[in-house]
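Visitor: Dropping a structure here in structure tokens format, bear with me for questions.
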Amino acid sequence: MIHFNYANALRSEELQAYAKLANECQEKTLQGTGAGNDFLGWVELPRNIQNEVSDIIATAEKLRQSCEIIVCIGIGGSYLGAKAVNEFVGNPFEWLENKDTPKVVYAGHHLDAKYHQSLIQVLKRKKFGIICISKSGTTTEPAIAFRLLKSLLEEQVGKDEAKNRIVCITDAKKGALRTLADKEGYKTYNIDDNIGGRFSVLSPVGLLPIACFVGKEVEQLVAGALDMMKDCQHGFDKNISAQYAACRYHLYSHEKKSIEILTNFNPALHFVGEWWKQLFGESEGKEHKGIFPSIADFTTDLHSMGQYIQEGVRHLFETFISIKQDNYPLPVLDDENNLDGLNFLTGKTMFEINSKAELGTMLAHKQGGVPCLQVAMDKADLFHLGALLYFFENACAVSGYMLGVNPFNQPGVEAYKKNMFALLHKPGYEKESIAIQELLNSQQ
Ligand code: PA5
């Protein structure tokens, strides 16, 4: 189960004041009566994807059998969901071991040459496969990575075998990736028109690279999301996802807290934070409105950002993601000499100590004027993670509607692309190329 605690941020009367608005916004999401209602395919996805899961698992199994490394190419919503889940379940030191299980690595999520060149050097000595993900099929970063790695794979194993090791996930009809995949005869999965990138973790976009890592267990992720999907159909008092949205709205509009820090005390949650950051940042940051989403990994960042959070500008609130179950009972050992003075901790597990660090931090930050929300998972498993991901997706939709923006578009993302294409003289950008050159000249 997922629990939501707002006691360190606002009083229940304050929350209840938003019940009507939150319920209306939840209804807009469920009934499809709000802005961007042609992008609500994610709402019923945990139920609708079930027919496709066994085929996804079978494709993943084929790749797992034939590859030592599976490269997942994609950016933004076509990358972060799978990365978040795989990092959460993975062993952080697996790369130091020579295990037979295939590794999932990522490419095309930036334009850095060193990263891609280093990856190519490694892949030259390995059996690898590619999952290329792009809804539009025209995004520059993954397209460049795919061009490089497709050519490497074909050189290594020939065009026919390469076909068996490439899977593309893209629009059913349009885009360059669709054209290329159809022409080459690659296995493909469709991204439905009504599912935006950042809401696509429970579609083949997330599920295939996750299944390459966890196999059949991916079903647990979907099952957890389905559980939370049902909870989100309840009224406000039983809908913790809508309550989280309402708390955010209160803190932003009433308390003038314009920055939310999603904090964790488990490094495995770092990329869940990255995924969440995209979800909320791209959904809410428009019309000069929106909470700025940021993340902190504690206790590490308590030794860097802790000072600011405790005593800096009071425009912050925090949302703690907590894990309630101790999966790794690792006690502090007794030391006869006690030179480090740590014997008061003898026998206590690292989990217990970490939990006290979390509670102590929350109380200190609250006292310092930083309201603290908490979203807690009973267990650190795929079922609970699926529920958590859906909790945030639903909250994001409700929160966007409460704020009065369309949570499902991202017009601002185009601005950098336009400039980059103008600077690179992409055909069709001639006027923009001249304009940007004039601008640069005027700055000299
Ligand atoms: O959430 C979004 O819509 C974006 O982050 C996209 O996922 C990202 O820009 C990648 O787009 P595409 O899948 O079309 O390559």
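Visitor: At q = 0.09, 0.13 Å⁻¹, what is the base-10 log of I(q)/I(0) for segment 45-219 according to the Debye formula with one equal point scatterer per Cα and no solvent? Please give it to two decimals.
Guide: Relative scattering, expressed as log10 I(q)/I(0), comes to -0.27, -0.57.
Visitor: Rounded to the nearest 10 Å², what accessible area does residue 14 have for a 1.4 Å probe in the complete protein model?
Guide: We get 40 Å² for residue 14.
Visitor: Take each complete run of DSSP H in the chain, measure how far its Cα atoms stretch along the helix's own axis, and keep only those covering 30 Å or more with mean Kyte-Doolittle hydropathy at least 0.5; list them. Write out the running numbers ahead of the final one.
Guide: Working: long enough: 382-403 (31 Å, 1.23).
Those that clear 30 Å and a mean of 0.5 are 382-403.
Visitor: Please calculate how many Å² of accessible area segment 45-219 carries per residue, with a 1.4 Å probe and no DNA, RNA or ligand atoms counted. Write out the running numbers ahead of the final one.
Guide: Working: 7930 Å² over 175 residues.
It amounts to 45 Å² per residue over segment 45-219.
Visitor: What is the pair-distance distribution P(r) of segment 252-404, computed from all Cα-Cα distances in 5 Å bins starting at 0, with each bin given as a whole percent?
Guide: Result returned by the calculation: 2, 8, 16, 20, 18, 15, 10, 5, 3, 2, 1, 0, 0.
Visitor: Please arrange 305, 229 by accessible surface area, largest first, computed with a 1.4 Å probe and ligands excluded. If you can, show how the numbers build up before the last one.
Guide: Working: 305 95, 229 0 Å².
The most accessible residue leads, giving 305, 229.
Visitor: Ordering 339, 149 by how much accessible area each has at a 1.4 Å probe, largest first, what is the list?
Guide: 339, 149
Visitor: Here's a follow-up. Name the residues of segment 191-234 whose amide N is less than 14 Å from a point 7 angstrom out from the Cα of residue 101 along the C-beta direction?
Guide: Output list for this probe position: 210-218.
Visitor: So how many Å³ per residue does the convex hull of the Cα atoms of segment 150-281 work out to? If you can, show how the numbers build up before the last one.
Guide: On the way: hull volume 23.3 nm³, N = 132.
Expressed per residue, the convex hull around the Cα atoms of segment 150-281 is 176 Å³.
Visitor: Heavy atoms only, probe 1.4 angstrom, no DNA, RNA or ligands counted: give me 378, 160 ranked by accessible area, highest first.
Guide: Values: 378 55, 160 115 Å².
The most accessible residue leads, giving 160, 378.
Visitor: Taking N as the number of residues in the chain, what value does Rg over Cα atoms divided by 2.2 N^0.38 Å take? Intermediate results must be reported in sequence, preceding the final value.
Guide: Values: Rg = 23.2 Å, N = 444, 2.2 N^0.38 = 22.3 Å.
That works out to 1.04 for the chain.
Visitor: Something else: How much of the accessible area of the chain, probe 1.4 Å, is carbon plus sulfur, in whole percent?
Guide: Working: 11410 of 21130 Å².
Carbon-and-sulfur percentage of accessible area, whole number: 54.
Visitor: What percent antiparallel are the DSSP beta bridges of the chain, to the nearest 5? It would help to have the intermediate numbers written out before the result.
Guide: On the way: 7 of 44 bridges.
If I count the DSSP bridges inside the chain, around 15 percent turn out antiparallel.
The values are calculated or read from the model by the stated rules, or taken from the named source; none is laboratory data. All of these numbers come straight from a predicted model, not from anything done at the bench. We place every Cβ from the backbone using ideal geometry, glycine too, and count neighbours over all the protein chains shown. Surface accessibility is based on the protein's heavy atoms, side chains included, excluding ligands, DNA and RNA. Shrake-Rupley method; radii C 1.70, N 1.55, O 1.52, S 1.80 Å.
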